[in-house]
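Colleague: Would you mind keeping the following structure in view while I ask a few things?
All of the numbers you see were taken from the coordinates with simple rules; none came from a lab. The structure displayed is predicted, hence computed values, not measured ones. Here the Cβ is made from the backbone with ideal geometry for all residues, glycine too, and neighbour counts use every protein chain on show.
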Amino acid sequence: MAVKRQSIPSAERKALIVQAVIALAAERNPEKITTAAVAEHMGLSQGALFKHFATKEEIRLEVMQWSAVQLLKTISDATERICDPIEALEAAFRAHLNFAFRLPGVPRIVFSELQREGDTPVKQAARDLMKNYSGQLCAWLKEAQKIGLARKDLNAQTSAMAMIGIIQGLIMQTLLGADTEVAMQQAEATFAIFRRGIATERGDSCAG
């Protein structure tokens, strides 16, 4: 068994460590996850972890960067074939929720990092994720305004943050024990309200 562990490439081992942290974060407070707990979860020694990461901070940064890449990729994959910007917003809305429900450790980690005092590379990575994500939402909202599907008086940045806030609220419900199927049903109704709030009469009628 030891020989097999040593034969795993460093990049793959790092990915497994990231997955272990996310799995543990789904069950406990991310701030209380120790390297000892990660090592135990993986059946490794702490020394084996530190062959790949010099510090716990490096592990947390790798987890945040992985989470950011995967969330943004999930949203990109869900929207790449959609031309209508409002439809793209809705697809992103659903994709984000599905991602969070599939990997509940990720939003718990992001929430935890954003609430930390002071500034760290990990917290900056979390802020970068929010900036990149809201930037994409803004782009869709501005495109919707340009083609007459969204109100001209709409503040795209505020609307993007409102949408993220709605998603975070729905995710928080599931983290507190709500059923994910119920949350998705609420999500459909909630996005319909959001859509009516940003759409012109033309855009609202196109929504059905």
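Colleague: Apply the a/c threshold of 1.5 to the C-alpha gyration tensor of region 87-208 and tell me whether it is rounded, prolate or oblate.
Modeller: Cα axes put region 87-208 in the oblate bin.
Colleague: To continue, here is another question. Given a 10 angstrom Cα cut-off, can you work out which residue in Pro121, Pro85, Pro104 is the most mobile in a GNM of the chain?
Modeller: Maximum among the listed residues: Pro121.
Colleague: Enumerate lysine pairs in region 56-206 that are 8 or more residues apart or on different chains, then count those whose Cα atoms are under 20 Å apart.
Modeller: Count of close lysine pairs: 5.
Colleague: Among Lys131, Lys152, Lys32, which one shows the biggest mean-square fluctuation in a GNM of the chain, springs joining Cα atoms closer than 10 Å?
Modeller: The residue that fluctuates most here is Lys32.
Colleague: So, one more: Using the reciprocal of the averaged 1/r over all distinct C-alpha pairs, how large is the Kirkwood radius of the chain in Å?
Modeller: The answer is 18.6 Å.
Colleague: Then there's this: Name the residue, out of Gly165, Gly197, Gly177, whose mean-square fluctuation peaks in a Gaussian network model built on the chain with Cα pairs under 10 Å.
Modeller: Looking only at Gly165, Gly197, Gly177, the largest GNM fluctuation is found for Gly177.
Colleague: So, one more: Just want the answer: with Cβ charges of +1 for Lys and Arg and -1 for Asp and Glu, which residue in Leu170, Phe191, Asn132 is farthest toward the dipole's positive end in the chain?
Modeller: It is Asn132, whose Cα lies furthest towards the positive end.
Colleague: If you don't mind, another one. Once the convex hull of the alpha carbons of region 54-111 is built, what does its volume come to per residue, in cubic angstrom?
Modeller: Cα convex hull per residue, to the nearest whole number: 76 Å³.
Colleague: Charges at C-beta only: +1 for Lys and Arg, -1 for Asp and Glu. How large is the resulting dipole of region 1-137 about its Cα centre, in Debye rounded to 20?
Modeller: Value, rounded to 20: 480 debye.
Colleague: Could I ask something else about it? Using the Cβ atoms and a cut-off under 11 Å, what net charge is assigned to the surroundings of Ala187, where Lys and Arg are +1 and Asp and Glu are -1?
Modeller: Net charge around Ala187: -2.
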